[in-house]
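This report concerns only the one structure given below.
The values are calculated or read from the model by the stated rules, or taken from the named source; none is laboratory data. It should be emphasised that the depicted structure is a prediction, and the values quoted were computed from it without experimental measurement. As a convention, Cβ positions derive from the backbone with ideal geometry for all residues, glycine included, and neighbour counts pool all protein chains shown. Only protein heavy atoms, including side chains, enter the accessible area calculation; ligands, DNA and RNA are left aside. Shrake-Rupley method; radii C 1.70, N 1.55, O 1.52, S 1.80 Å.
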Amino acid sequence: MHTLIAAVDAIDPLSVTGKVAGVNGLLIESRGGLSRLAVGARAEIERRHQPPLPAEVVGFRDAKALLMPFGPVEGVAPGADIRIVEAAASVRPTTAWLGRIVDAFGQPIDGKGPLPNGPAAYPLRAAPPPAHARGRVGERLDLGVRAMDVFTTTCSGQRLGIFAGSGVGKSVLLSMLAKRASCDAVVVGLIGERGREVREFIEETLGEEGLKRAIVVVATSDEPALKRRQAAYMTLAIAEFLRDQDLEVLCLMDSVTRFAMAQREIGLAAGEPPTTKGYTPTVFSELPKLLERAGPGPRRPDGTTAAPITALFTVLVDGGDHDEPIADAVRGILDGHIVMDRKIAERGRFPAIDVLKSVSRTMPGNQSGEERELNRRARQCLSAYSNMEELIRIGAYRTGADPIVDRAIALNPALEAFLSQAPDEATPIDESFRRLETILNQGLLTEDLP
């Protein structure tokens, strides 16, 4: 009853309408009702012989409001009615959403029936918690992936970027984390994903085991830019709800680059000036607002601290350029980065993580003295082999010229086998360090690995 009373009280008795003044590409201009409009407000536009078209106010020009639609503009005519239906978008998730797949509006798309709505509304574009009001990162997190657990050890509440080109195994790595990481719930955002790969990722890559504790938000590449951007906001809003239920949340988003591309489309349509590679200024202002929503939980009025949101965001680097604008901006916001290398993938080692270029900013504080020493020794071997790799491959290096390189050559097969991991294989973090210690202390060959 209290929920029903609150819903009735929230109803705005004033109906706000406008008219379509013009359509320019994906931009719809509205006149009338401007006193009640605001950026982010939701509207419905009447169409001939078709259902109303949902849209969002993205800006103003002179005396007209600028709206972008969540669907095709076919059927929109001059003078069509525009109704403001919501001041700001929100979602009402519940824990019953776990194991389900939803779209950018929070509507189920998995054919398993309707979803219940929770009592509390979570705004899609919530502000990040204030820095002084949130906790610190927690204990280290067992991700189940040896290369990450040892060389980029991650803490609960940390945010990492996975930087890679297309086709090097980002999706498989995300599925390994979704299935094996030690957390209570997983939220996966597939932003701008290929339509063909969505079911493949959910049914095969993620699988039933990974899906049962996950909520998947999907917006494919063919959907409007506004819907792709909203799917990213929806992903974080659902993660914030689960965090407030005292669940440790792992948030996986693929990819931040496609979120930035969607924001670029919206900004250019609204008349923003393009900057580097055509990205508009709002792209670089929206990125930290989105990424900072993950992290340690905020302190509550009763003195307790909400559970953390540990997040991994993939970044699609254009042509392998890790200094392109989005990659550079995201790297400066997050607490570390995982670099996936196409050359490593081409030689058949998966996950194709280049541990020498990957960094976790909570290290070395989340490792013991013995673990830090193992890490240093392993990196020394990997670096020595990498520096001399071309000479080694063509037979120009002569054994005995450098004892460090000699040891790196002897250990390289075992280290490569250690870094390689099958998608259905999981190794606890303590076991990972024990295996690495065995390799470094005894110089075991690949076939001798336990």
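Given the condition open to solvent by 20 Å² or more (accessible area, probe 1.4 Å) and assigned to a strand (DSSP E or B), answer yes or no: does some residue in the range 301-321 qualify? Reasoning before the result, please.
Taking the range 301-321 and keeping what is open to solvent by 20 Å² or more (accessible area, probe 1.4 Å), we get 301-305, 308, 316, 318-321.
Filter once more, keeping what is assigned to a strand (DSSP E or B): 305, 316.
Yes; the residues of the range 301-321 include at least one that is open to solvent by 20 Å² or more (accessible area, probe 1.4 Å) and assigned to a strand (DSSP E or B).
For every residue, the table says whether it meets (1) of a type in the set (S, T, Y); (2) farther than 20 Å from I238 by Cβ; (3) open to solvent by 30 Å² or more (accessible area, probe 1.4 Å); (4) at pLDDT 95 or above.
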{"residue": "I109", "(1), (2), (3), (4)": "no, no, yes, no"}
{"residue": "R146", "(1), (2), (3), (4)": "no, yes, no, yes"}
{"residue": "F151", "(1), (2), (3), (4)": "no, yes, no, yes"}
{"residue": "S166", "(1), (2), (3), (4)": "yes, yes, yes, no"}
{"residue": "V172", "(1), (2), (3), (4)": "no, yes, yes, no"}
Qualifying residues in the range 248-263 (those that are within 20 Å of I202 (Cα to Cα) and not in a helix (DSSP H, G or I)) - the one modelled with the lowest pLDDT: S255
field: Given (1) assigned to a helix (DSSP H, G or I); (2) within 26 Å of M176 (Cα to Cα), index of the condition M388 fails
entry: (2)
Conditions (1) open to solvent by less than 40 Å² (accessible area, probe 1.4 Å); (2) free of Cβ contacts under 8 Å to residues at least 40 places away in the same chain; (3) of a type in the set (A, V, I, L, M, F, W, C); number of the one not met by A131: (1)
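Look through the range 65-93, keep the residues that are acidic (D, E) and in a strand (DSSP E or B), and return whichever of them is nearest to G40 (Cα to Cα). Steps first, please.
Of all residues in the range 65-93, those acidic (D, E) come to 74, 81, 86.
Next, from what is left, pick out any that are in a strand (DSSP E or B): 81, 86.
Working: D81: 19, E86: 9 Å.
Only one residue tops the list, namely E86.
Out of A126, A104, A55, report the one residue that is assigned to a strand (DSSP E or B) and surrounded by 15 or more Cβ atoms within 10 Å (Cβ to Cβ). Working first, answer last.
Details: A126 fails: assigned to a strand (DSSP E or B); A104 fails: assigned to a strand (DSSP E or B).
The conditions single out A55.
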statement: Among residues of the range 221-266 being open to solvent by 20 Å² or more (accessible area, probe 1.4 Å) and free of Cβ contacts under 8 Å to residues at least 40 places away in the same chain, the residue nearest to A185 (Cα to Cα) is S221
task: Take the range 71-101 and flag every residue that is small (G, A, S), under 21 Å from R228 (Cα atoms) and open to solvent by less than 70 Å² (accessible area, probe 1.4 Å).
output: G71, A88, A89, S90
Residue check, T275 more than 25 Å from I238 (Cα to Cα) and β-branched (V, I, T): yes
- line: Out of (1) in contact with an Asp or Glu (Cβ under 9 Å, 6 or more places away or on another chain); (2) open to solvent by 60 Å² or more (accessible area, probe 1.4 Å); (3) within 21 Å of L141 (Cα to Cα), the one T427 does not meet is (2)
query: When both residues are 6+ apart or on different chains and their Cβ atoms are under 9 Å apart, which pairs have a first residue that lies in the range 270-293 and is without any contact (Cβ under 8 Å) to a residue 60 or more places away in the chain and farther than 20 Å from N24 by Cα, and a second that is outside any helix (DSSP H, G or I) and polar (S, T, N, Q)?
result: P281/T275; V283/T275; F284/T275
query: Is there a residue in the range 135-144 that is more than 21 Å from the chain's Cα centre (by Cα), surrounded by 11 or more Cβ atoms within 10 Å (Cβ to Cβ) and not basic (K, R)?
result: yes
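Out of the residues in the range 322-357 meeting the condition of being in a loop (DSSP other than H, G, I, E, B) and open to solvent by less than 30 Å² (accessible area, probe 1.4 Å), tell me which one is nearest to A426 (Cα to Cα). Before you say what the answer is, go through the steps one by one.
Applying the first criterion (in a loop (DSSP other than H, G, I, E, B)) to the range 322-357 yields 322-324, 334-335, 341, 347-352, 354-357.
Still in the list and also open to solvent by less than 30 Å² (accessible area, probe 1.4 Å): 324, 334, 349, 351-352, 354-355.
Numbers: E324: 34, L334: 26, R349: 16, P351: 13, A352: 16, D354: 19, V355: 18 Å.
Filtering first and then ranking leaves P351.
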task: List every residue pair whose Cβ atoms lie under 7 Å apart, where the two residues are 6 or more positions apart in sequence or sit on different chains, the first residue falls within the range 380-399 and is open to solvent by less than 80 Å² (accessible area, probe 1.4 Å), and the second residue, located anywhere, is assigned to a loop (DSSP other than H, G, I, E, B) and at pLDDT 95 or above.
output: L382/V355; L382/L356; S383/L356; S386/L356
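Where residues in the range 284-300 are part of a loop (DSSP other than H, G, I, E, B) and of a type in the set (K, R), which of them is surrounded by the most Cβ atoms within 10 Å (Cβ to Cβ)? Walk me through how you get there before you give the answer.
Applying the first criterion (part of a loop (DSSP other than H, G, I, E, B)) to the range 284-300 yields 292-294, 296-297, 300.
After this cut, where a residue has to be of a type in the set (K, R) as well, the list is 293, 300.
Numbers: R293: 23, R300: 11.
Among residues in the range 284-300 that are part of a loop (DSSP other than H, G, I, E, B) and of a type in the set (K, R), the one surrounded by the most Cβ atoms within 10 Å (Cβ to Cβ) is R293.
State all residues of the range 267-281 that are out of contact with any strand residue (DSSP E or B) (no Cβ under 8 Å at 6 or more places or on another chain), open to solvent by less than 40 Å² (accessible area, probe 1.4 Å) and in a helix (DSSP H, G or I); if no residue qualifies, say none. I'd like the intermediate steps shown before the answer.
First, pick out the residues of the range 267-281 that are out of contact with any strand residue (DSSP E or B) (no Cβ under 8 Å at 6 or more places or on another chain): 267-268, 272-281.
From the residues that got through so far, the ones that are open to solvent by less than 40 Å² (accessible area, probe 1.4 Å) too are 267, 278-280.
Residues satisfying the conditions are G267, G278.
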query: Taking the range 358-372 as the region of interest, how many residues are among the small types (G, A, S) and buried (at least 16 other Cβ atoms within 10 Å of the Cβ)?
result: 2
message: Pairs needed: first member in the range 110-124, aromatic (F, W, Y); second member anywhere, open to solvent by 60 Å² or more (accessible area, probe 1.4 Å); C-beta distance under 9 Å; at least 6 residues apart or different chains.
response: Y122/R92
